[in-house]
Amino acid sequence: MIRDGRLGTDQPTLDGPRVRLRPWRPDDADAVLAACQDAEIQRWTRVPVPYRRADADEFVTAIAPATWAEGGAQFAVVLRAGGALVGSIALFPPRDGVAECGYYTLAGSRGRGLAAEALRVLAGWAFDDRGLRRLELRVHPRNTASRRVGAAAGFVVEGTLRQRSLHRGQPVDDVVLGLLATDPRPAPDRPAASVPPGASSGTSADRVT
Ligand SMILES: CC(C)(COP(=O)(O)OP(=O)(O)OC[C@H]1O[C@@H](n2cnc3c(N)ncnc32)[C@H](O)[C@@H]1OP(=O)(O)O)[C@@H](O)C(=O)NCCC(=O)NCCS
């Protein structure tokens, strides 16, 4: 279903200081296949397990374009310098101005602040260009790394939804982190802690997509 009249518009490329968020391409399938063999990605995200070649092909050729057509966006996260793939980030199709985000960083690229930077870039675009009101992360209580990524992008923990999700068939709690268009937002290259109280770069809470 096309929710926001986006037929015919191309998914943009978004730049942060170090990372570039670009649309997935069919020739990314090999890299996606390799990335999704990682135990942490399989443990904490909803990627199919086992992750096969057909899953990677479907992701880059069908799921990513369909996400865009439905009002969301799936991006490959690459280094601006050299273009190497370092991760994946998604804005899932919004409803009522609210969208969930998801991400992973390739195992060999973790611990460099890349997921946090990508999330800050995605959030800025979602609010300022897509006119969304609220972004959400739903994180397993033990996924400390992901909670810290959210915090580094300005998200705040809002609560725990008990047994809200089924993960690999098992009920799990969701820790919900939220960020509003009107909240203080760290710049793409700065940690959340450096945002002065009351400051905000958000100006488009009332924009309609
Ligand atoms: C979660 C994940 C995306 C983090 O990626 P990353 O690029 O290494 O994260 P960053 O380098 O941007 O780190 C951001 C913050 O998280 C912290 N962090 C990163 N990995 C961590 C870990 N394993 N344990 C504790 N903290 C961690 C960093 O120290 C940093 O904190 P700070 O802002 O206080 O300095 C990555 O570990 C991953 O792909 N995990 C598997 C998939 C997953 O869990 N996705 C999220 C599902 S909700």
So, first residue at pLDDT 95 or above and in a loop (DSSP other than H, G, I, E, B) in segment 88-110, second residue more than 8 Å from the ligand (Cβ to nearest atom) and among the charged types (D, E, K, R), Cβ within less than 7 Å, six or more apart or across chains; the pairs are Phe92/Glu100; Pro93/Arg3; Pro93/Glu70; Gly97/Arg133; Gly97/Arg134
Out of all the residues in segment 58-78, which are out of contact with any strand residue (DSSP E or B) (no Cβ under 6 Å at 6 or more places or on another chain) and either crowded, with 17+ Cβ neighbours inside 10 Å or of a type outside the set (D, E, K, R) (or both)?
Phe59, Val60, Thr61, Ala62, Ile63, Pro65, Ala66, Trp68, Ala69, Gly71
Only one of these conditions is not met by Ser146: (1) modelled with pLDDT under 95; (2) surrounded by 15 or more Cβ atoms within 10 Å (Cβ to Cβ). Which number is it?
(1)
Does any residue in segment 161-175 that is without any contact (Cβ under 8 Å) to a residue 12 or more places away in the chain come within less than 6 Å, Cβ to Cβ, of a residue that is among the acidic types (Asp, Glu) and in a strand (DSSP E or B) six or more places away or on a different chain, and which pairs are these?
Arg162/Asp173
Go through (1) in a helix (DSSP H, G or I); (2) loosely packed, with under 14 Cβ neighbours inside 10 Å one by one and return the number of the condition Gly83 breaks.
(1)
Just checking, does segment 15-22 include any residue being surrounded by 15 or more Cβ atoms within 10 Å (Cβ to Cβ), under 25 Å from Val121 (Cα atoms) and small (Gly, Ala, Ser)?
yes
Among the residues of segment 120-147, write down those that are near the ligand (Cβ under 8 Å from one of its atoms) and either over 14 Å from the mean Cα position of the chain (by Cα) or hydrophobic (A, V, I, L, M, F, W, C) (or both).
Leu137, Val139, His140, Asn143, Thr144, Ala145
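The values are calculated or read from the model by the stated rules, or taken from the named source; none is laboratory data. Worth saying up front: this structure is predicted, and the values here are computed from it rather than measured. No Cβ is skipped: glycine too gets one built from the backbone with ideal geometry, and neighbour counts run over all protein chains shown.
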